[in-house]
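The values are calculated or read from the model by the stated rules, or taken from the named source; none is laboratory data. Everything numeric here is computed off the predicted structure, so don't read it as measured data. Neighbour counts run over all protein chains shown; Cβ positions are idealised from the backbone, glycine included.
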Amino acid sequence: MVTVRTISNVAMILLSIMMLLSCTTHSAVLESNENHIKSATFLSEKFEVGPGKIVVKTLLDIDFPRGHIGVKSFDVEVVDEDGNSVPLYETYLHHWFAVKYIENITMSEYIKQSHDLSNGIEFERNDGACQGFLLPHYWGLGGESRGTYSNLPDPFTVELGNPAQIKHEFKEKWLFSIMVIDTRGTHDRKGCTECRCKLMNLPKDFYNVTTGIDGQLLSKNYKGGLFCCQDNVQCKLRNGFRGPTRQLSLRYKIRWVDWDEHQVPLKFYILDSTDRVRSNGSTPIHDCQAEYTIPRNHDNDFPHVKKADIPMTKGGYLIYGTAHMHTGVVNTTLYGQDGRVLCTSNPKYGTGKEAGNEKGYLVGMSVCYPRPGSIKIEDGEILTLESIYENKFRTGAMGHFYIYLAEQIPNQ
C-alpha cells in the first residue's frame, strides 16, 4: 500500500537529487542508506591522449559535494568517451591527486578565464610534514586505484566545508593534479611508465633548463622520474606505429554524510620513505624527494629497501593505512618507535587483460583497518617507514604511506 508518507519520502529524495545535479555536472546519486551515506559519481573534464603521449594536467574546480560534510571514500579510474574502463597497458594512470584550495569569490571569474593561480587562491594541504607544496593532497593514488579500498569505517570521516573554518569571502574548492601515459605502440611500455628519460623525446636543452625539487638544475645522472614526464612529451614509438587519439576522463565516486555530532573527524598524513629528516635544534626539517631510483645491482637477489625515520609532531589513533607504490613493490611497512608494526600494505598484481586485473601491473594495495583505539601513535613519536621493491633497476619509484588518525575514540 502506497501511503502519503511514502510519496513524501520519494518526493524528498527526488528533490535532493535535483538539488545535487543543479550544482554539479555528469553526476548521479547512487546511494542513500540507513547510515545516511550519500554517493555520487562524477566525470572530470576530458583530456586528449595519443600513442606515446604524456598528459600532465591541473583540472580546476572539479565537481564535489557541497556543504558541511564528512567524506567516507574517494575512488577514481580512467574511462574513455563511452564510459568504458581503460586498461593500464593502454593508458597508464601514473597518479591522480585531489587537492583542496579556497578561492576568493571576488576573483573567481578572473581565475576561471586566466587559469592564473597566483592571485585569489590559497592551497590547504593535508596534515603531513613534507616541505612546501610537496605531496599536498587529501586523496590520490595511481595505477593501483581500482583495487585499493578507500572506505573509512563509521563513525570516522574527513570533515570538509565547515563554514566556521573558511575565511570570509572565500569558497572551498578542489582540483585534480593528474599524470597519464599512453603506452600504445611504445618501444618499452614498462620504461615509459617509469618515465625513463632516454625513452622520451626530450628537448635538446632539457638538462640545461629543467630544475628539480630542490630548485637546482637536474643532474645529467637523473635517469628518470617525474621531471622527464612533462605535459605533451612523447614516449618513443615503434617505427611506423599509428594509432588514434582518444578523449579520456577521470570517473570518480565520492561517498559522504552530512555533518552532525555523531561524526568523528580524522587527520590525514602522507609519509614519504625518501624523507631525509634533519633537525634545527628541536625543530624537525623534512626533505621529501617524492621519488627515487633503484640502481642496477647484479650482485645479489635481496630486495631493495628504502627507510625513513619520521617524527610525528601530533599523534592519534590509527584508523586506516595504505600505501601509494609502483609496480615492483614487495611491500611497505610502518613501524612505531618501539619497533611494533603499525601497518603493512601488500601489493596485488594483475593476472589478466581486463581493466583492474592487468597482467604484470600493480593493481591494488592492501589496507589496514585496526580495531579503533587499539593502535595509538604518541605525540612526538618517531615512526619508521620501510618501502621494499624488487632489486631491479627502476626509475621514479615511490614510497608514500597514507594514514588517517583520530584524536579521540567515541565511547562504544
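A Cβ distance below 6 Å, combined with a sequence gap of six or more or placement on separate chains, defines the contacts here; from the range 375-396, residues that are under 15 Å from residue 307 (Cα atoms) reach residues that are crowded, with 20+ Cβ neighbours inside 10 Å and of a type in the set (S, T, N, Q) in the pairs 385/273; 387/273; 387/332. For the range 189-221, taking the residues that are in contact (Cβ under 8 Å) with a residue 40 or more places away in the chain and in a loop (DSSP other than H, G, I, E, B), the one that is farthest from residue 251 (Cα to Cα) is identified as 213.
Here the condition is being assigned to a strand (DSSP E or B), closer than 30 Å to residue 59 by Cα and outside the structural domain of residue 157 (by TED's automatic domain parsing); of 322, 274, it holds for 322 alone.
The set of residues in the range 159-200 being within 25 Å of the chain's Cα centre (by Cα), closer than 30 Å to residue 406 by Cβ and of a type in the set (Lys, Arg) consists of 171, 173.
The set of residues from the range 272-292 being under 14 Å from residue 313 (Cα atoms) and either surrounded by 20 or more Cβ atoms within 10 Å (Cβ to Cβ) or among the polar types (S, T, N, Q) (or both) comprises 279, 282, 283. Being over 21 Å from residue 270 (Cβ atoms), touching a Lys or Arg at 6+ places or on another chain (Cβ under 9 Å) and aromatic (Phe, Trp, Tyr), is that true of even one residue in the range 291-301? No, the range 291-301 contains no residue that is over 21 Å from residue 270 (Cβ atoms), touching a Lys or Arg at 6+ places or on another chain (Cβ under 9 Å) and aromatic (Phe, Trp, Tyr).
Candidates 258, 231: the one that is touching a strand residue (DSSP E or B) at 6+ places or on another chain (Cβ under 8 Å) and either crowded, with 18+ Cβ neighbours inside 10 Å or farther than 30 Å from residue 406 by Cα (or both) is 231.
Evaluating residue 95 against the criteria (1) surrounded by fewer than 17 Cβ atoms within 10 Å (Cβ to Cβ); (2) closer than 15 Å to residue 175 by Cβ leaves one unmet condition, (1).
The criterion of being under 15 Å from residue 330 (Cα atoms) and either touching a helix residue (DSSP H, G or I) at 6+ places or on another chain (Cβ under 9 Å) or in the same structural domain as residue 290 (by TED's automatic domain parsing) (or both) does not hold for residue 358. From the list 109, 77, 81, the one residue that fits, being in a strand (DSSP E or B) and surrounded by fewer than 21 Cβ atoms within 10 Å (Cβ to Cβ), is 77.
Of all residues in the range 84-106, which are within 21 Å of the chain's Cα centre (by Cα), not aromatic (Phe, Trp, Tyr) and not in a loop (DSSP other than H, G, I, E, B)?
85, 91, 93, 94, 95, 98, 99, 100, 102
Residue-level analysis places residue 112 outside the set of residues that are farther than 30 Å from residue 385 by Cβ, of a type in the set (D, E, K, R) and in contact with a helix residue (DSSP H, G or I) (Cβ under 9 Å, 6 or more places away or on another chain).
Do we find that residue 349 is crowded, with 19+ Cβ neighbours inside 10 Å, not polar (S, T, N, Q) and not assigned by TED's automatic domain parsing to the domain that holds residue 87 in this structure? Working first, answer last.
Details: crowded, with 19+ Cβ neighbours inside 10 Å: no; not polar (S, T, N, Q): yes; not assigned by TED's automatic domain parsing to the domain that holds residue 87: yes.
The answer is no for residue 349.
Picking from residues in the range 122-158 that are among the aromatic types (Phe, Trp, Tyr) and buried (at least 17 other Cβ atoms within 10 Å of the Cβ), the one that is nearest to the chain's Cα centre (by Cα) is 139.
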